[in-house]
Amino acid sequence: MTSPTRPDDAHPYLRAASAGVRHHTRALAPSEANPPRPTDRVHLDVLHAHLAALLQLLDRLAENARPPHPAAGRHLATAHTHLWQATSEIHSAFHLLPSTTAAEAEPSACHPERLPEGPPVLTICQRHLAAGHVTRRKTTPTDLRPHTTACVR
């Protein structure tokens, strides 16, 4: 017989990820020694990857909660939709920021009909399209309003 896990010891990887996000947020806070820096594409790419992983986790939690607790499953599914909307906005913001590489002198647009030129654009767009496929398969267009899932505004 296994003993129940104490809340302090439960889900150590989630706790570490949350601690990492909190630490990074504090590190970005402006101070005399650390003046504010503009947001860059690297931050948004990493944040998008984090949100995409959370989407997968919420999807799994909603599916596991639905049979025994349908109302909780619906709330988790709604949270998944709202998180998708945030992920979509991060993706859009990524494409509006200037690139730090010499290959792209201006902000790039996402073109779903063709592959992006290379990392990090290729990575974030592939991740976003995969997450969007799962989200659109499980939600209705009405659920996604007022946000759209288009790559380009």
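The values are calculated or read from the model by the stated rules, or taken from the named source; none is laboratory data. Just so it is clear, the model here is predicted, and its values are computed rather than measured. Note that we place each Cβ from the backbone using ideal geometry, even for glycine, and neighbour counts take in every protein chain shown. Side chains included, ligands, DNA and RNA excluded: accessible areas come from the protein's heavy atoms. Shrake-Rupley method; radii C 1.70, N 1.55, O 1.52, S 1.80 Å.
The 1.4 Å probe gives accessible areas that order 122, 14, largest first, as 14, 122. Estimated at 0.36 nm per residue, the fully extended path between residue 22 and residue 96 surpasses their Cα-Cα distance by 24.1 nm.
At 1.4 Å probe size, with the rest of the protein present, what percent of the exposed accessible area of the range 14-103 is carbon and sulfur atoms? On the range 14-103, the fraction of accessible area on carbon and sulfur atoms equals 65 percent. In terms of the mean number of neighbouring beta-carbon atoms within 10 Å, the peptides 61-71, 24-34, 131-141 order highest first as 131-141, 61-71, 24-34. In plain terms, the chain from residue 15 to residue 82 could stretch by 21.9 nm, reckoned as 0.36 nm per residue minus the Cα-Cα distance.
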